[in-house]
Amino acid sequence: MITMRFQGKITLIAGVSKGLGYALAYMLSKEGGSVILVSRDEERLKQICAKVSGCSYVIADLGEEEGTRRVERAVEKLDHLVISVGGYEEDTVETLSALEAMIESHVRIPLRLIRSLLPKMNRGGSIVLFSSVVSVWRAQPNQLSYAVAKAATAKAVEVLASELIDYEIRVNGVAPSYILGDFEPGRDYKTMRKLGQRGAPPEDFANVALWLLSDESSWVDGVVVPVDGGWRLRG
């Protein structure tokens, strides 16, 4: 039986892919929610909104100030905000070739967007950011800038949650391991993974974000939830 936990609620998802962003948008709509999707890729947005009820979108490059302003202009009121802006590059301390790009994607863009949309958010709403399990566990030697940026995302969750308590807006995070492939509605995704493996379908991570947005987690604030099926326990 499908519940309607998000009936009458509006959620903006920034940084939409055909994997995690699509999965979360679909799940929200199935529970009565309306979604506003943000991406640079208009064709992707059209394809997703064609399969998600209550869906609208904004074409914007959030790496540019005008992109953030475009999103702000498009939104009147908002209950929930999810920021899943992607970006993965490898580097080491010898090169630091990915530092600016990773800080931009995983720190500057989310913070700028939250600052811009905060006046539009309703009390009792929530924000979900996406960190990575490498920020709370062990990163590989070639993931320096990526891991540092995702660790900053995790710390931002805590600080923002503290700052927004008086606004009655919760801030939490999800720290995925490796997201396998694109989302496909209606499939039995649980047959596609098993405990302890490195990756999982996007549904596994979207489910946790969905819970963090819902009233069922109304007493959870300022935490980052590792979602890796126990992969980090392999040692």
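Tally the residues that are among the aromatic types (Phe, Trp, Tyr) and touching a residue at least 12 places away in the same chain (Cβ under 8 Å), restricting the search to the range 213-235.
1
Residues of the range 41-55 being touching a strand residue (DSSP E or B) at 6+ places or on another chain (Cβ under 6 Å) and either in a loop (DSSP other than H, G, I, E, B) or of a type outside the set (A, V, I, L, M) (or both), which ones?
42, 49, 54, 55
So residue 138 passes all but one of these: (1) at pLDDT 95 or above; (2) outside any helix (DSSP H, G or I). Which condition number does it fail?
Failing condition for residue 138: (1).
Can you tell me which residues in the range 212-234 are among the acidic types (Asp, Glu) and over 16 Å from the mean Cα position of the chain (by Cα)?
215, 216 - these are the residues of the range 212-234 that are among the acidic types (Asp, Glu) and over 16 Å from the mean Cα position of the chain (by Cα).
Given (1) surrounded by fewer than 16 Cβ atoms within 10 Å (Cβ to Cβ); (2) among the basic types (Lys, Arg); (3) at pLDDT below 95, identify the lone condition not met by residue 232.
Single failed check for residue 232: (1).
What pairs come up if the first residue lies in the range 3-17 and is touching a residue at least 60 places away in the same chain (Cβ under 8 Å), the second is of a type in the set (Val, Ile, Thr) and not in a strand (DSSP E or B), and their beta carbons are under 7 Å apart, counting only those six or more places apart or on different chains?
Taking only residues 6 or more apart or on different chains, the pairs are 12/75; 14/85; 15/85; 16/48.
Count, please, the residues in the range 56-113 that happen to be in a loop (DSSP other than H, G, I, E, B) and either hydrophobic (A, V, I, L, M, F, W, C) or buried (at least 19 other Cβ atoms within 10 Å of the Cβ) (or both).
8
Hey, among 198, 170, which residue is surrounded by 14 or more Cβ atoms within 10 Å (Cβ to Cβ), more than 15 Å from residue 114 (Cα to Cα) and not acidic (Asp, Glu)?
Testing whether each residue is surrounded by 14 or more Cβ atoms within 10 Å (Cβ to Cβ), more than 15 Å from residue 114 (Cα to Cα) and not acidic (Asp, Glu) leaves just 198.
Please specify each residue of the range 36-54 satisfying the condition of being more than 16 Å from residue 87 (Cβ to Cβ) and among the hydroxyl-bearing types (Ser, Thr, Tyr).
Across the range 36-54, the qualifying residue is only 53.
Hey, residue 38 hits all of (1) of a type outside the set (Ser, Thr, Tyr); (2) in a strand (DSSP E or B); (3) farther than 25 Å from residue 101 by Cα but one; which does it fall short on?
Every listed condition holds for residue 38 apart from (3).
Return the pair list, or none, for Cβ contacts closer than 6 Å from residues in the range 51-66 that are under 13 Å from residue 29 (Cβ atoms) and of a type in the set (A, V, I, L, M, F, W, C) to residues that are assigned to a strand (DSSP E or B) and modelled with pLDDT of 95 or more, at least 6 apart or on different chains.
The qualifying pairs are 55/35.
Does the range 149-165 contain at least one residue that is polar (S, T, N, Q), modelled with pLDDT under 95 and assigned to a helix (DSSP H, G or I)?
no
The values are calculated or read from the model by the stated rules, or taken from the named source; none is laboratory data. Everything numeric here is computed off the predicted structure, so don't read it as measured data. So basically every Cβ, Gly included, is an ideal-geometry build from the backbone, and we count neighbours across all protein chains shown.
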